[in-house]
Every structure is written in C-alpha cells, then in structure tokens.
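Read through the structure below, which is laid out as structure tokens, and then see the notes.
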Amino acid sequence: MLKFTERGIYCPQADSYIDPWEPVERAIVTHGHSDHARWGMGRYLCHSHTAPILRLRLGSDLAIQELEYGNAVSVNGVRISLHPAGHIIGSAQVRLEYRGEVCVVSGDYKLAHDGVSVPFEAVRCHRFVTESTFGLPIYRFPDPAVVFSEINSWWMRNAADGVNTVLLAYALGKSQTILRHLDPGIGPVLLHGAVANVNGALESVGYRFSGERITPETDRKTVKGAVIVAPPSALGSSWLKRLSPYRIALCSGWMQLRGARRRRGVDRGFVLSDHSDWEQLNQAIAATGAETVHVTHGYETPFARWLREQNGLNAREVHLQGAEVTEGDL
Ligand SMILES: [Zn+2]
Ligand SMILES: [Zn+2]
C-alpha cells in the first residue's frame, strides 16, 4: 500500500502522496514545516489547524480539504484518517486502511507534552513509517517542564542585570511552546515578525499567544528586561543588534551535543525539541504493534539495524531524497 518514490511516499490505491516534495495532484500533508509542506500540489489534505499555516506559507488560494483528528475520508476504497503526532500544532500521523491492511505514516512526532499541541496518539498498525531525527541512544531529552523553568530563571537573571533575553526558536512549533510557558510577570514579551505571523495564522483557528510584534516604531525603553522570541536566522542580523544589550540562547534538541552551543556562538543552549528522543522513538514504535517499520528522516541505517537486531522487527531504512533535516528539526 506504500511506495517510496522520488516524489515522496505514495499510496497507489488512493493515488495520493504523503508530504511530497514535487508537485502532485493529491497530497496529504502531515504538518506545516517546510520540509513536509510544499508548494504546487493540486489538492492538499491536512488537519484543520495546519490549513492556516499552509495558506500563510504557500498561498491563500490553495485547494485544501481539512480533516479533524480521528475523522476519515475514503479515496478509491482507502480509508484515510489523521491522528495526533504531538510534534507541533496541527501535526498528524496519516493512517491508511485498505482491505484489512493498516499503514501509519508518522511524519515528525514526539511523546513529550508541550502544552500546545494535541499529545501523540499510538495507532495500531501493520506497517509504520517513523522518523529518526534523534534515533541514537545518546539522545535523551530532559523533562520540558524543567527546561521551561530554567528559561524563566535565566530571563529573570538577565532582566536583573539590565540586559534583554533573546530566545532563538523555530517560528512554527517551538516558538508557540515557549510562549505558552514564559512567565509574563518577569517582563515584556516581544516577537520577531516571523513568529508574530505564525501566531496570527494560528489565532484564526482559536489559539492565543502572548507577545507583541517588534516594529520599527517599537520604543527601545519597552525593550528593557524583555524576552525576545526570534527564529535562528535572526542570529547575527542587524535586526538583532538593535535590541542590544542582550544575552542569547538557542532552544534545540541539538543543544544536547557537546560543543553545539559554542559552535553556534550563543550564550546558552536549552535542550528543547519538537522530536522524539531515543526512548520516545522506541516507545512509540512498540505501541503501534507494527511488524514492519520503515525508518526515514535522520539516522535511518543505525536505527533500522537496532530495530531488526534488538527488537526482531522487519525494519528497513528508507532514504527519502527530499527529507533532509531542516527547519523544524533545528
Ligand atoms: Zn521534518
Ligand atoms: Zn517538523
């Protein structure tokens, strides 16, 4: 029921591609990150909270069919439904059922709760397609609640020292998670335009986030002791220099690696990820009950070998050409 083609993961019975990277007629999109949601598809099927992100990023005139979690549509006899992936707002696993066989394509997912997206749901299936961004045993992420309290304490200390706090986090996903957990009692919360734009799109489907967009008119006095949430691309920009003095932190799963903070030239690194760590990947795969697992998107080869040798699964690595680690994976 699933074919791995050079355009993406293909279901021939439904004539649909999942997260294709080249224009096709029917695309099922797991979530709004740019390595999964691309321009040029004839029709898009996605969760209703991913739809405003696609319109913001790809154009307002897209043909989008929206689906809620757990609801199904039938395409040529294939029952297609979406289930929470816990990765970012609107992120979905795609469940395909045809003549008694069930396949689930996870997209990106995490089991840790972020307080914003609907928590991951384990879906029983015969065949599971998993990502493996952090598919090595060295990746063990700390409890996000601990990380959020460290972020607030650091902000408080910086404010007491009379400097601003800059948190670099991807505009879709991690920024909303951080905004949900910042303590507004510490000081003003300010947003880079890219973050404010995503928040605006999500507000159209009922979300509310704290923070004010920084504009050319933003008074520098209001910036005193503030926290500024900006995408990693702001690092080294003149936009950022105008907000000095500040201390700057990068929020990313990769911050767990030794030397990562220094290499990126930031003052602090907070280990915060939208993805599953080693433990979560193994737990999620076991919960599906799948006998066949296709491993994409990250450490395909070692992780597939681990699943074969240690778990006795029929696990295969799939190198998806367009699935390079990008934005949301930072
Ligand atoms: Zn991804
Ligand atoms: Zn993603």
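The values are calculated or read from the model by the stated rules, or taken from the named source; none is laboratory data. Keep in mind that this is a model prediction, so the values were computed, not measured. Methodologically, a virtual Cβ is constructed for each residue, glycine included, from the backbone with ideal geometry; neighbour enumeration extends over all protein chains shown. The protein model used for the area step is the full one, side chains on, heavy atoms only, and it has no ligands, DNA or RNA in it. Shrake-Rupley method; radii C 1.70, N 1.55, O 1.52, S 1.80 Å.
Here are the numbers:
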quantity: The stretch 106-131, residues that are surrounded by 20 or more Cβ atoms within 10 Å (Cβ to Cβ), under 15 Å from the mean Cα position of the chain (by Cα) and over 22 Å from L250 (Cβ atoms); calculated: S106, G107, Y109, F120, T130
quantity: Residue that is most open to solvent (accessible area, probe 1.4 Å), among those in the stretch 234-259 that are of a type in the set (G, A, S) and closer than 22 Å to K224 by Cα; calculated: S238
quantity: Matching entry among A230, A171, A201, A234 (being over 23 Å from G86 (Cα atoms), hydrophobic (A, V, I, L, M, F, W, C) and in contact (Cβ under 8 Å) with a residue 40 or more places away in the chain); calculated: A234
quantity: Matching residues, the stretch 94-138, being among the acidic types (D, E) and more than 16 Å from ligand 2 (Cβ to nearest atom); calculated: E97, E101, E121
quantity: Residue check for A260: away from ligand 2 (no atom under 16 Å from the Cβ), without any contact (Cβ under 8 Å) to a residue 24 or more places away in the chain and not β-branched (V, I, T); calculated: yes
quantity: Boolean, A230 is over 23 Å from D143 (Cβ atoms) and within 19 Å of the chain's Cα centre (by Cα); calculated: yes
quantity: I178 being part of a helix (DSSP H, G or I) and either crowded, with 22+ Cβ neighbours inside 10 Å or touching a residue at least 40 places away in the same chain (Cβ under 8 Å) (or both); calculated: yes
quantity: Per-region count, the stretch 299-313, residues within 20 Å of the chain's Cα centre (by Cα) and surrounded by fewer than 22 Cβ atoms within 10 Å (Cβ to Cβ); calculated: 1
quantity: Qualifying positions in the stretch 183-212 - open to solvent by less than 50 Å² (accessible area, probe 1.4 Å) and assigned to a helix (DSSP H, G or I); calculated: G193, A194, V195, A196, V198, N199, G200, A201, L202
quantity: Residue match in the stretch 213-233 (condition: at pLDDT 90 or above, in a strand (DSSP E or B) and within 16 Å of ligand 2 (Cβ to nearest atom)); calculated: no
quantity: Counted residues, the stretch 237-257 - those being more than 30 Å from R140 (Cα to Cα) and free of Cβ contacts under 8 Å to residues at least 60 places away in the same chain; calculated: 5
quantity: Selected residue (only one of T296, T301 is under 30 Å from C103 (Cβ atoms) and not in a helix (DSSP H, G or I)); calculated: T296
quantity: Whichever residue in the stretch 37-61 is open to solvent by 10 Å² or more (accessible area, probe 1.4 Å) and farther than 22 Å from Y207 by Cα and, among such residues, is farthest from ligand 1 (Cβ to nearest atom); calculated: D61
